[in-house]
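First comes the structure, then the notes that go with it.
The values are calculated or read from the model by the stated rules, or taken from the named source; none is laboratory data. Nothing here was measured: the structure is a model prediction, and the numbers come from that model. Glycine also receives a Cβ, built like all others from the backbone with ideal geometry; neighbour counts cover every protein chain displayed.
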Amino acid sequence: MTDHPFIGNAYCAVDGAGRLTLPPFVRSALSRRSGARLIFVGCHDSDPCLIGYDRSFARTLAFDCRRQRLRSELGAEGRWNTRLRRAFGFVELVELDMRGKVTLPPMMLRRARIDGGALVIGTGGAFEIWNPQRALDAGDPDLSELAAFHLDIRNAA
């Protein structure tokens, strides 16, 4: 997939305008991967969070979608189109400024219910941006533990 995966996690403040300073592990991976100042932010395929990635992952995502569609040609077309809309229609290109800040699009903030803070989690080829409370309640014990840890640190400060 890539020689420079997104590895790590961090809690990040999100201001009233939706600006988020990406954590060092994301900025470093982006710099090593392409150095591009533009990234994609969209709705996650199955979880109630956002996903961020660069152009190389967008190409990988398109290839994977084509391959999966070929495998499921006999499946229900409506479900396939729903998946494609989510993967490519609910995505916006955002600019990473020189300080590592991005402005999350209003529609994405609304979909993920992000307000005031976000949990950013590396997933290899991409990274997730979660509302910490939604991560806590997502039903994944490891994700819940990670969210609880960051919320405890934030509340203790």
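Numbers below:
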item: Extreme residue, farthest from H4 (Cα to Cα), among residues of the stretch 23-46 that are at pLDDT below 90 and assigned to a loop (DSSP other than H, G, I, E, B); result: S46
item: Matching residues in the stretch 119-145 - criterion: being of a type outside the set (G, A, S) and without any contact (Cβ under 8 Å) to a residue 60 or more places away in the chain; result: Q133, L136, D137, D140, P141, D142, L143, E145
item: Residue selected from the stretch 47-61 under the condition modelled with pLDDT of 85 or more, buried (at least 19 other Cβ atoms within 10 Å of the Cβ) and outside any strand (DSSP E or B), by the criterion farthest from the chain's Cα centre (by Cα); result: D54
item: Pair list, Cβ < 8 Å and 6+ apart or interchain, from the stretch 106-118 residues that are assigned to a helix (DSSP H, G or I) to residues that are β-branched (V, I, T); result: M108/V41; M108/I114; L109/V14; A112/I129
item: Answer residue from the stretch 118-132, given it is modelled with pLDDT under 95 and either buried (at least 18 other Cβ atoms within 10 Å of the Cβ) or within 16 Å of P48 (Cβ to Cβ) (or both) and is farthest from the chain's Cα centre (by Cα) among those; result: G125
item: Search result, residues across the stretch 10-46 that are within 19 Å of R134 (Cα to Cα), under 12 Å from the mean Cα position of the chain (by Cα) and crowded, with 17+ Cβ neighbours inside 10 Å; result: V41, G42, C43, H44
item: Cβ-Cβ under 6 Å pairs, at least 6 apart or on other chains, the stretch 28-51 side among the β-branched types (V, I, T), far side assigned to a helix (DSSP H, G or I); result: V41/M108
item: Residue tally, condition more than 12 Å from L20 (Cβ to Cβ), small (G, A, S) and in contact with an Asp or Glu (Cβ under 9 Å, 6 or more places away or on another chain), over the stretch 85-124; result: 2
item: Some residue of the stretch 4-22 being part of a helix (DSSP H, G or I), within 18 Å of L119 (Cα to Cα) and either in contact with a Gly (Cβ under 6 Å, 6 or more places away or on another chain) or at pLDDT below 70 (or both); result: no
item: All positions within the stretch 1-40 that are closer than 22 Å to L146 by Cα and of a type in the set (V, I, T); result: I7, V14, T21, V26
